[in-house]
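Participant: I have a structure here, written as structure tokens, and I will follow up with some questions on it.
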């Protein structure tokens, strides 16, 4: 078996490891091995995003989530009874001003 030595651990971390090991009736070394084993075995074992999405329960139809049609400023003003501004009258340079 290979050995692993971990240097410069904080005292609080070592204390928590020993407390956790005592709760499981293990030595700190055995608890350390179990933590590493679980952390490394859990990689890639989970479900894919596609699998998770397929397992989700139905939440309605597409129509339930449809966005209302976006109304323009003129349409909103008409609905609220506001007066619309007249469009600006522009003149070209060739036109003479009205008197």
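The values are calculated or read from the model by the stated rules, or taken from the named source; none is laboratory data. Because the structure is predicted, anything quoted here is derived from the model rather than measured. Ideal geometry is used to build each Cβ from the backbone, glycine not excepted, and the neighbour counts take in all protein chains shown.
Participant: One residue is enough: does region 34-51 have a residue meeting the conditions closer than 30 Å to residue 2 by Cβ, surrounded by 10 or more Cβ atoms within 10 Å (Cβ to Cβ), modelled with pLDDT of 75 or more and in contact with a helix residue (DSSP H, G or I) (Cβ under 6 Å, 6 or more places away or on another chain)? I'd like the intermediate steps shown before the answer.
Facilitator: As a first pass, look at region 34-51 and keep what is closer than 30 Å to residue 2 by Cβ: 34-46.
Applying the additional criterion that residues be surrounded by 10 or more Cβ atoms within 10 Å (Cβ to Cβ) yields 34-37.
Then drop every residue that is not modelled with pLDDT of 75 or more, which leaves 34-37.
When the remaining residues are screened for being in contact with a helix residue (DSSP H, G or I) (Cβ under 6 Å, 6 or more places away or on another chain), the result is none.
No: zero hits.
Participant: On the given criteria, is residue 75 surrounded by 10 or more Cβ atoms within 10 Å (Cβ to Cβ), touching a helix residue (DSSP H, G or I) at 6+ places or on another chain (Cβ under 6 Å) and either at pLDDT 85 or above or part of a helix (DSSP H, G or I) (or both)? Break it down into steps so the answer makes sense when it comes.
Facilitator: Details: surrounded by 10 or more Cβ atoms within 10 Å (Cβ to Cβ): yes; touching a helix residue (DSSP H, G or I) at 6+ places or on another chain (Cβ under 6 Å): no; either at pLDDT 85 or above or part of a helix (DSSP H, G or I) (or both): yes.
It is false that residue 75 is surrounded by 10 or more Cβ atoms within 10 Å (Cβ to Cβ), touching a helix residue (DSSP H, G or I) at 6+ places or on another chain (Cβ under 6 Å) and either at pLDDT 85 or above or part of a helix (DSSP H, G or I) (or both).
Participant: Yes or no: region 20-30 includes at least one residue that is assigned to a loop (DSSP other than H, G, I, E, B), touching a helix residue (DSSP H, G or I) at 6+ places or on another chain (Cβ under 8 Å) and modelled with pLDDT under 80.
Facilitator: The initial filter retains those residues of region 20-30 that are assigned to a loop (DSSP other than H, G, I, E, B), namely 24-27.
Now restrict to residues that are touching a helix residue (DSSP H, G or I) at 6+ places or on another chain (Cβ under 8 Å): 24, 26-27.
Right, trim to modelled with pLDDT under 80 and you get none.
No - not one qualifying residue is present in region 20-30.
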